Amino acid sequence: MQEHSIIQLEEIGSSDIGYLSFFESCKDIPFAINRIYFTYAVPENGHRGMHAHKKLQQVLWCPFGSIEVLVHDGNSQTSYKLDTPSKLLYIDSGLWRDIFWLKSSKFLIVAASDYYKEDDYIRNFDEFKLMANKGYWRNGGI
Ligand code: T46
């Protein structure tokens, strides 16, 4: 079963002085970070993603604004809203994602387990569903 879940970060501070949150590789998130990237200036109602990854794990973080992420495991879909700096969304390999910008000109920051590799992407939904339903990820990506 490929995992996806909200990770609630610790918030250190108070409303008088502000807050500090953090996440550390292999402690607060379940992988070591090899890449950080971000998307920005996406127009309101912008739609990105529309793919799955064979091996890559990621956490998505929206420090300003509001983003909806739909995660599909090949059978069912779950909706997440990222609208708080202390909230991350963990997405394992083998999960399709659609990302919708509910407000424009905001950042989506991503920490990823590996370098950019186009051959890790599955950009066709029917191909993804077939792989998921044939147990590609249950069998360790074979
Ligand atoms: C994901 C969502 C949340 C690079 O050259 N290096 C990179 O590190 C990345 C991420 C992308 N690219 C190139 C590949 C494409 O030519 O940038 C172009 C746009 O990438 P893409 O269409 O995949 O962008 P998004 O916003 O749809 O998806 C990205 C990530 O690719 C993806 O892994 O989960 O953000």
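When SER93 is tested against the conditions (1) within 24 Å of ARG138 (Cβ to Cβ); (2) touching a Ser or Thr at 6+ places or on another chain (Cβ under 7 Å), the lone failure is (2).
The strands (runs of 3 or more DSSP E) found wholly in region 1-59 and carrying at least 3 residues that are closer than 23 Å to LEU102 by Cβ occupy 4-8, 35-39, 47-53.
Reported count of residues in region 100-127, each being farther than 28 Å from ASN139 by Cβ and within 14 Å of the ligand (Cβ to nearest atom), is 6.
Among residues that are in contact with a strand residue (DSSP E or B) (Cβ under 8 Å, 6 or more places away or on another chain) and without any contact (Cβ under 8 Å) to a residue 24 or more places away in the chain, LYS81 is included. Within region 46-58, the only residue that satisfies the criterion of being within 9 Å of the ligand (Cβ to nearest atom) and either of a type in the set (S, T, N, Q) or farther than 22 Å from GLY94 by Cβ (or both) is GLN58.
Let's see how each residue does on (1) over 13 Å from the mean Cα position of the chain (by Cα); (2) within 10 Å of the ligand (Cβ to nearest atom):
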| site | (1), (2) |
| --- | --- |
| ILE7 | no, no |
| ASP16 | yes, no |
| SER21 | yes, no |
| GLU44 | yes, no |
| LEU60 | no, yes |
| GLY74 | yes, no |
| GLN77 | yes, no |
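Applying the condition of being over 11 Å from the mean Cα position of the chain (by Cα) and in a strand (DSSP E or B) to region 94-132 and asking which residue is farthest from LEU60 (Cα to Cα) yields ILE122.
Yes or no, residue by residue, for (1) farther than 23 Å from ILE122 by Cβ; (2) of a type in the set (Ser, Thr, Tyr):
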{"site": "GLU11", "(1), (2)": "yes, no"}
{"site": "SER21", "(1), (2)": "yes, yes"}
{"site": "CYS26", "(1), (2)": "yes, no"}
{"site": "PRO30", "(1), (2)": "no, no"}
{"site": "ARG48", "(1), (2)": "no, no"}
{"site": "GLN57", "(1), (2)": "no, no"}
{"site": "LEU60", "(1), (2)": "no, no"}
{"site": "ASP73", "(1), (2)": "no, no"}
{"site": "GLN77", "(1), (2)": "no, no"}
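Scan region 68-93 for residues that are touching a Leu at 6+ places or on another chain (Cβ under 7 Å) and either polar (S, T, N, Q) or part of a loop (DSSP other than H, G, I, E, B) (or both) and report the count. Number of matching residues: 5. Does any residue of region 13-22 turn out to be free of Cβ contacts under 8 Å to residues at least 40 places away in the same chain and closer than 30 Å to GLY135 by Cα? No, every residue in region 13-22 fails to be free of Cβ contacts under 8 Å to residues at least 40 places away in the same chain and closer than 30 Å to GLY135 by Cα.
Of the numbered criteria (1) modelled with pLDDT of 95 or more; (2) more than 14 Å from PHE38 (Cα to Cα), the one ILE99 fails is (2).
The values are calculated or read from the model by the stated rules, or taken from the named source; none is laboratory data. None of the values given here were measured: they were computed from a predicted structure. We place every Cβ from the backbone using ideal geometry, glycine too, and count neighbours over all the protein chains shown.
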